[in-house]
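Data first, discussion second: the structure below is written as structure tokens.
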Amino acid sequence: MNILLTSLMVPGAPSGVRVHYERLAEHLRREGHTVTVVTQDSLRPLVRRAIGAVRRILGLFGRSGAQIGIELGFVAEIYFAIDRNARYDVVNAQDVSSGWAARLALRDKAPVVVTGHFNDHPAEELVHQLHLSGLTARFLHRWYTLLLQKTRFFIGVSDYVLQRTLPWLPADAKTTVVYNGVDMTPPATSALPAGVPDLRAMFPDRPILLNVGQLEPRKNQRYLVDVAAQLRQQHPNFVLVLVGKGEDEEILRQQIATAHLEKHVVLLGYHREIMALLRTADLYVHAATRENCPLVLLEAMAAECPTVALAVGGIPELLAPTPDALIPVATPPAELAAYLRELLTNPVRLAQLRQRQHAFGREHFDARVMLADTLAFFEQARQLPQVQLPIATQTESRSYAPITT
């Protein structure tokens, strides 16, 4: 197949979405498929500047105008970055905006499959992240709901995401669940890649707790620092390593200093070789309050690093064989600290947790499973008749004949 992958996440972006589509493209090419990746980085500089000028003009109308310019600009950037004369068998958009841009650019000559990486609703994440309200928040909800209503083929990366999204999709939309996937095969060597810190050497004879993610409120590292303050009283030899960068970095530094946790909580910065770091940790702790199918949990399974996580979004699906690893969201820091101490001082229980999670990951979240399920859905989309509308009506609301699921 000749496949087009589109995404608003540019190469190098510190995002699981970027990692997903890069790995998917690599696996598809290994299977003999032709894959073209289009992001905002694919845009010609002159066109980028023209779109930027329109954004600046809309920004003169306040915050709502600026947000409208951003969202319309996203669609325009992908639209103009796509070779509209190319013939693709299928398009896999990693977000609804680039999916709609692909439909407009290719005039529905190929099925556009949107993969939903968002947590609850695409607008909700922006509203929370940017602290939006009023007219701007309402615009985002209506805009993304409109784009979802124009989505004919949808992949949820967890059943949670799919069920949350179904009310906004057309009644005749074709849908499926394809979990993110990683290579569950153990590495040929235990040597760390160049540039990866050796946590075992940095913290000899100390239990290592690891957390990976953008340093931001949704990822909830502040809660983990509170947990560390409680754990120090019960098990003072541990170290908590936070991997990532973000808006909360200075807040976390101050929190660590105030609690005198400099020897127990370390901000390691951003690193790309996450699985190598996971192989050096004793326990991975995930505290995000909004999640769908976090790639790092699957990487922990592949690295055979036992995991505990807050029971939100799609995480219970990923940790189904180890319900004891699911932490209620309202758990006080002292209670989680006590549970972590229990695990760290019980090697047998920790090993059982690791074994069950790794076995489940090999069966359900291996990259080969993801690839097979993705290609099967692509083929289903290709077998259905494509609806081609005149250029003049491309932005109008559409209806299709019912599709059997």
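Below is a table of values for the structure above.
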{"quantity": "Loop-resident sites, region 223-270, for GluC sites (Glu not before Pro), counting at most 14 other Cβ within 10 Å (DSSP)", "calculated": "E247, E262"}
{"quantity": "Calculated [θ] (222 nm, deg cm²/dmol) that DSSP helices of n ≥ 4 give over the chain, each run adding -39,500 (n - 2.57)", "calculated": "-14000 deg cm²/dmol"}
{"quantity": "Extended-chain gain in nm, criterion 0.36 nm per residue less alpha-carbon gap, F360 and Q149", "calculated": "72.5 nm"}
{"quantity": "Potential extension, E335-R272 segment - 0.36 nm per residue separation minus Cα distance", "calculated": "19.5 nm"}
{"quantity": "Using alpha carbons only: equivalent-ellipsoid semi-axes of the chain, gyration tensor based, whole Å", "calculated": "39, 24, 19"}
{"quantity": "Computed Kirkwood radius, in angstrom, where 1/r is averaged over Cα pairs of region 199-364", "calculated": "15.7 Å"}
{"quantity": "Rounded FRET efficiency, nearest 0.05, which uses the C-beta distance separating F61 from R30 and R0 of 35 Å", "calculated": "0.15"}
{"quantity": "Gap separating the Cα centres of region 187-219 and region 269-294, nearest whole Å", "calculated": "9 Å"}
{"quantity": "DSSP loop chymotrypsin sites (Phe, Trp or Tyr not before Pro) with at most 13 other Cβ within 10 Å excluded, longest remaining stretch of the chain", "calculated": "62-269"}
{"quantity": "Beta bridges per DSSP with both ends in the chain, % antiparallel, nearest 5", "calculated": "0 percent"}
{"quantity": "Helix 347-364 vs. the chain, principal-axis angle (Cα, 0 to 90°, nearest 10)", "calculated": "20 degrees"}
{"quantity": "Full-extension gain in nm, Q163 to A259, via 0.36 nm per residue minus C-alpha separation", "calculated": "30.4 nm"}
{"quantity": "Helix axis angle, 333-344 relative to the chain longest principal axis, alpha carbon, degrees", "calculated": "70 degrees"}
{"quantity": "Overall form of region 1-83 per C-alpha gyration tensor (a/c, 1.5; a/b vs b/c)", "calculated": "prolate"}
{"quantity": "Sequence-distant lysines (8 or more away, or on other chains) whose Cα lies within less than 30 Å of K219", "calculated": "K245, K263"}
{"quantity": "Candidate lysines for bridging to K150, where Cα separation is under 18 Å - those fewer than 8 sequence places away on the same chain excluded", "calculated": "K109, K174"}
{"quantity": "Prolate/oblate/rounded call for region 252-335, Cα gyration tensor, a/c under 1.5 rounded", "calculated": "oblate"}
{"quantity": "Region 313-378 versus region 123-165: alpha-carbon centroid distance in Å", "calculated": "27 Å"}
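Coordinate-derived values only; no laboratory data. Please read all numbers here as calculations on a predicted model, not as lab measurements. Heads up, the Cβs are rebuilt from the backbone with ideal geometry, glycines too, and the neighbour counts pull from every protein chain shown.
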